[in-house]
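Inspection log for the structure reproduced underneath, given as structure tokens.
What follows is calculated from the coordinates using simple rules that are stated; it is not laboratory data. Since the structure is predicted, the reported quantities are computational estimates derived from the model, not experimental observations. Glycine also receives a Cβ, built like all others from the backbone with ideal geometry; neighbour counts cover every protein chain displayed.
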Number of protein chains: 2
Amino acid sequence: MREVAVLGVGQTKFGELWDRSFREIGIEAGLQALVDAKLSSADLGGLFLGNMASGSLLDQEHIAPLILDYAGLAGRHLPAVRVEGGGASGALALHAGYLAVASGQYDFVVVGGAEKMTDVPDETANRITSSTADHEWEVVFGATLPALWGLVAKRHMHDFGTTREQLARVAVHDHAMAGKNPLAHYRNALTLEQVMGAGEVAEPLGMLDCAPLSDGAAAVVLGPLDMARGHTDIPIRIAASEVACDTMALQHRASVTTIESTVVAARHAFARARRAPADVRVAEINDAYTISALVALEDLGFVEKGEAGPEFATGRFGLTGALTLNPSGGMKAQGRPFGAVGVAQVVEIVKQLRGEAKDRQVNGATLGLTHDVGGTGATSVVHLLERPN
Amino acid sequence: MREVAVLGVGQTKFGELWDRSFREIGIEAGLQALVDAKLSSADLGGLFLGNMASGSLLDQEHIAPLILDYAGLAGRHLPAVRVEGGGASGALALHAGYLAVASGQYDFVVVGGAEKMTDVPDETANRITSSTADHEWEVVFGATLPALWGLVAKRHMHDFGTTREQLARVAVHDHAMAGKNPLAHYRNALTLEQVMGAGEVAEPLGMLDCAPLSDGAAAVVLGPLDMARGHTDIPIRIAASEVACDTMALQHRASVTTIESTVVAARHAFARARRAPADVRVAEINDAYTISALVALEDLGFVEKGEAGPEFATGRFGLTGALTLNPSGGMKAQGRPFGAVGVAQVVEIVKQLRGEAKDRQVNGATLGLTHDVGGTGATSVVHLLERPN
């Protein structure tokens, strides 16, 4: 396999972008990434676009060629492929783009992620996001994504003594980080009291335990590592791109406090890269709900099962800690445009590894991890990204 | 790049499968393909699933891991990736799966295509299929896919003298073929008079010029050509897998009677395979509307621009002609479960090249072509499939 590197990154602001269309934000992120990689559109070999639900949200399927078209690239010999895997759509698009470059058929491809979620009423958007859980076994009975993650949280509290306050710390952490990120949806600081006192969504999760619905787009340019010269001074190598699956419905799992797909994807990612969790200096992990981040820390191997709550309280995941979590602010505070998240995670890690993250720069990071999840974990995708020595 | 071959195929009946769920038909096709390739599910490296609109049609996104789950493969280290590109979703999934095997990261993958379209009212399904055209520039003004292809037909008649009867011959041909295909949605013969006398949908296209909405699934197993031994006696090599794009909206094209994406994809496919259109003995091409097939014949290079109507009337595309078209019955008669079509085309060509097509077997075929289109041609995908000497 050819080695693959990230040569350029781009991202729009995340938030309620009511004055901008889906195609506009997709193009903005993609062109930023191309310019960052010192490529013209003539060099483009393909587009792999992560998106969860443009059909339901915007009455528009077939969106990958739509973006190309409005970028002035119609009539070209290149694949424009939309990839969907619920909330993991962006990371799966990255996986597909990575395979495309690794195969040798394409040299330079853009991997984008885009979602426009705030043009429809919240209840419509929530119904659509819940379609990433099992419709026949969960959703028809009234389960939504927050309800399902609420069950995970209750069980985690029961089994391991995780507390309401420990959950809330994740949201406080994310908002503190997002304060340093000009692209974030929510940059306001939160206190533990605010998070714990917010209206309940699905006990024990309150409104501030749940990532928002956002509009936004992110993009990266991938290319062969050995063709990186001239495009970037610091090509970021994709050391591993691994995907694993689990049951769609929570009820079909041996345990609801372990996301088996994350365990499996992470184990294979570290094996492929010949690295260990302790080598990771900075990570963007799934924090769609505060409980999601605690479970992810455990399943990725950063802490022992059941220990994430107390470990989080030690502050070791802050900007100057041994492992900095979600310096972008994560889904909770940077925002959650579903299909864009997995790509935005990589954008953040690349900025960190290049030393371009400004106020939120992590010192001395050479290995970063991204972790994106669909539904309640039927899909998990783990990427390891490495700065050359 | 590693050479990639088709090692197994599977397909459900196409039609109104009201007693069977999406997950059931997906699993049936996939397991058939695995069995055909003498593989157990333990050998599976990944699933790439073409599907246009399960979110809008079934309130279920995130369907690739859903299929894996119900096939008993939860908790596994493998990518389950849904690929969407309107009506070209199946062929794009094949392209993604092909790249995955070519890359060397995966050995054996299933490429599936599935769509369940008849559980909703026809007007809902028609609205959803039209979301593969440009929503902001076409659909909001009332354009639907048949209306847009009707415009193409009118212009083709104006520019080249194509007649109503020549269009109708495509439907008659497809139904004659489908009579020999037990999996086809419509196996009844049609006369020219029936097609020309059917109710108008979008002038000049009548009801029998338009492919139906169908339920159905198809699957193939891809693997490295050099690992084919033991899995099949006749590995069918993918000699080319090429994708090209065009504008989403018809009105933005220099000509509406040429699908530029098809011209470009075909040219690159023949160049990669070092073959010419005259080498192709059997082809499954886009016949979503009768006019689509005539335009495709021209754009793929099988006939000169404007000559498809008269050439079709000569009968040279029949079972014993020099180039047999759509022996499965095509979308018009085998049926059109959108995301399954591009995979079903490959299933048919593989059966033909292996000599397993029974009543509809084409003699002496060693090179076959498939051609799948999204919307009115914003995406075209061309595959060339070759039987070893």
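The table below gives the values:
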| item | result |
| --- | --- |
| The protein assembly as shown pair-distance distribution - Cα-Cα, 10 Å bins, rounded % | 3, 16, 27, 26, 17, 8, 3, 1, 0 |
| DSSP-defined antiparallel bridges as percent of all bridges, the protein assembly as shown, nearest 5 | 70 percent |
| Where labels lie 7 Å past Cα in the beta-carbon direction, separation of B:Gln251 and A:Glu200 in nm | 5.3 nm |
| Fraction of alpha-carbon pairs over 18 Å apart in the range A:127-206 - percent | 54 percent |
| At 0.890 mPa s and 25 °C, Stokes diffusion of the range B:128-273 via Kirkwood alpha-carbon radius, µm² per second | 133 µm²/s |
| Whole-number percent relative contact order across chain B, with pairs defined as alpha carbons under 8 Å at least 6 apart | 26 percent |
| Antiparallel DSSP beta bridges within chain B, percent to nearest 5 | 70 percent |
| Label-to-label distance, nm, for residues given as A:Phe141 and B:Glu123 (7 Å Cα→Cβ offset) | 3.5 nm |
| Residue-by-residue Karplus 3J(HN,Hα) for the range A:323-337, coefficients 6.51, -1.76, 1.60, Hz, glycine and proline x | 9, 8, 9, 6, x, 6, x, x, 5, 4, 10, 5, x, 10, x |
| Inter-copy separations for A:Val120, label at 7 Å along Cα-Cβ, nm, ascending | 1.0 |
| Radius 14 Å from Cβ of B:Asp174, net charge of other residues (Lys, Arg +1; Asp, Glu -1) | +2 |
| Loop trypsin sites (Lys or Arg not before Pro), the range B:312-353 (other Cβ atoms within 10 Å of the site Cβ: 16 or fewer; DSSP) | B:Arg316 |
| Cross-link table B:Lys154/B:Lys332; A:Lys116/A:Lys332; A:Lys180/A:Lys305; B:Lys38/B:Lys116, entries beyond 26 Å C-alpha to C-alpha | A:Lys180/A:Lys305; B:Lys38/B:Lys116 |
| Sorted by Cβ density within 10 Å, fewest first, the residues B:Glu284, A:Glu298, A:Glu24 | A:Glu24, A:Glu298, B:Glu284 |
| Local electrostatic count, B:Thr118, Cβ distance below 9 Å [Lys/Arg +1, Asp/Glu -1] | -3 |
| Sequence-distant residues sharing a close amide H with B:Ala239 (under 5 Å, placed H) | B:Leu384, B:Leu385, B:Glu386 |
| Length gained when the stretch B:Glu304-B:Asp43 is fully extended (0.36 nm per residue, less Cα-Cα span) | 89.4 nm |
| Inter-copy label distances at A:Glu203 (7 Å, Cα→Cβ; nm, one decimal) | 6.6 |
| Modelled FRET efficiency - R0 30 Å, B:Ala322 with B:Asp233, Cβ distances, 0.05 increments | 0.65 |
| Value at 222 nm in deg cm²/dmol, rounded to 500, when DSSP H runs of n ≥ 4 in chain A each add -39,500 (n - 2.57) | -10500 deg cm²/dmol |
| Using a 7 Å Cα-to-Cβ projection, A:Gly72 label spacings across copies, nm, ascending | 5.6 |
| Three-way shape call for the range B:339-389 based on the alpha-carbon gyration tensor, with the a/c threshold at 1.5 | prolate |
| Charge tally in the Cβ shell below 11 Å around B:Asn286, where Lys, Arg are +1 and Asp, Glu are -1, B:Asn286 excluded | -2 |
| Most mobile of A:Val362, A:Val346, A:Val373 in a GNM of chain A (Cα contacts under 10 Å) | A:Val362 |
| Where only C-alpha atoms are counted, convex hull volume of the range B:1-133 per residue in Å³ | 101 Å³ |
| Rh by Kirkwood over Cα pairs, then Stokes-Einstein D for the range A:156-202 at 1.002 mPa s and 20 °C, µm²/s | 183 µm²/s |
| Extension reserve of the B:Trp18-B:Ala176 stretch, reckoned as 0.36 nm per residue once the Cα distance is removed | 54.3 nm |
| In order through the range B:283-293: 3J(HN,Hα) via Karplus (6.51 cos²θ - 1.76 cosθ + 1.60), integer Hz, x for Gly, Pro | 9, 10, 10, 5, 10, 4, 9, 4, 5, 4, 5 |
| Cα-based radius of gyration of the range A:28-88 once divided by 2.2 N^0.38 Å, which approximates compact folds | 1.17 |
| Per-residue Cβ neighbour rank within 10 angstrom, fewest leading, B:Leu385, A:Leu325 | A:Leu325, B:Leu385 |
| When chain A is reduced to its Cα atoms, the Kirkwood hydrodynamic radius in Å | 20.3 Å |
